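Each remark here refers to the structure printed beneath this line.
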Amino acid sequence: MSRRAVVTGGARGIGAAIVARLRADGCHVTALDIVEPEGAGPDRFVQVDLADAPAARAACAEIAAQGPVACLVNNVGIVAPAPLEAVALEDLDRLFHVNLRPSLIAAQAFVPAMKAAGHGRIVMNTSRVTLGKELRSLYSATKGAAQSMARTWALELAPFGITVNCVAPGPIATEAFWRNNPPEAAKTRAIVDKVPMRRMGTGEDVAQAVSFFCDARSGFVTGQTVFVCGGVTVGLAGA
């Protein structure tokens with residue numbers, strides 16, 4: 001029987017690439033998202049507003065009731081770019097409710113069966129902005145919180161054979177990236193020009209790292225963050 005995987009925010013962009021890769025790896029994949037999938041899509045799609053805590057809990061509980069989930073990819077995320085002085089408090093709640101809270105809800109739903117099986121994989125899709133980026137106060141805060149939470153979970157869940165790791169992408173050529181970084185803008189051009197690999201990343205690049213962490217053979221790697229960034233973070237460290 002195929003391993004069951006769940007990907008939050010799995011309808012579009014990086015999430016859709018992760019869904020496609022896990023399906024290619026032999027998983028039966030359920031995607032949760034507020035918008036319907038494009039392309040081939042997952043094996044099963046659950047349309048839900050993950051910012052709605054009761055709705056997210058109900059969706060995850062229904063999935064858990066159908067059988068154990070071997071791999072959870074907490075991918076859903078939104079951005080609200082703003083300089084410090086313009087950060088809106090209502091956006092603070094909004095980003096935490098989308099970027100962080102669903103990770104906790106989903107993990108609480110699926111971890112009991114992982115513990116019973118003595119095996120499980122949890123992957124957080126965070127971001128290279130956790131190392132710092134202008135206009136990303138709230139996005140970096142939520143993604144940084146996810147990385148910190150992942151390290152705590154890694155320690156708590158290791159005795160049960162469950163690994164918890166993070167994939168931190170950037171810059172990735174998705175619709176969301178171009179929406180928040182206009183192609184014609186000088187700052188956007190500078191971002192692209194500074195990628196040591198001389199290209200933007202793709203959703204498939206991120207999915208490759210997620211696939212490694214979800215692999216049943218990756219059982220001795222936990223609490224880690226891998227930057228899928230074409231070397232950008234190395235360049236920043238050496239600046």
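Hey, could you check segment 133-160 for residues that are free of Cβ contacts under 8 Å to residues at least 12 places away in the same chain and not basic (K, R) and say which is nearest to V228 (Cα to Cα)?
Only one residue fits best here, namely S148.
With the requirement that a residue be under 30 Å from R217 (Cβ atoms) and touching a residue at least 60 places away in the same chain (Cβ under 8 Å), what does segment 77-105 give you?
Residues satisfying the conditions are G77, P102, S103.
When the residues of segment 23-76 are narrowed to those that are touching a residue at least 40 places away in the same chain (Cβ under 8 Å), in contact with a Cys (Cβ under 9 Å, 6 or more places away or on another chain) and not aliphatic (A, V, I, L, M), which ends up surrounded by the fewest Cβ atoms within 10 Å (Cβ to Cβ)?
Among those that are touching a residue at least 40 places away in the same chain (Cβ under 8 Å), in contact with a Cys (Cβ under 9 Å, 6 or more places away or on another chain) and not aliphatic (A, V, I, L, M), it is D25.
Name the residue, out of G15, G77, that is over 24 Å from K115 (Cβ atoms), in a helix (DSSP H, G or I) and at pLDDT 95 or above.
Numbers: G77 fails: in a helix (DSSP H, G or I).
Testing whether each residue is over 24 Å from K115 (Cβ atoms), in a helix (DSSP H, G or I) and at pLDDT 95 or above leaves just G15.
Filter segment 98-112 for residues that are buried (at least 17 other Cβ atoms within 10 Å of the Cβ) and of a type in the set (A, V, I, L, M) and give the result.
V98, L100, I105, A106, A107, A109, V111
The values are calculated or read from the model by the stated rules, or taken from the named source; none is laboratory data. Note that the structure is predicted; figures quoted are calculated from it, not measured. Cβ coordinates were reconstructed from backbone atoms using ideal geometry, including for glycine residues, and neighbour counts include every protein chain displayed.
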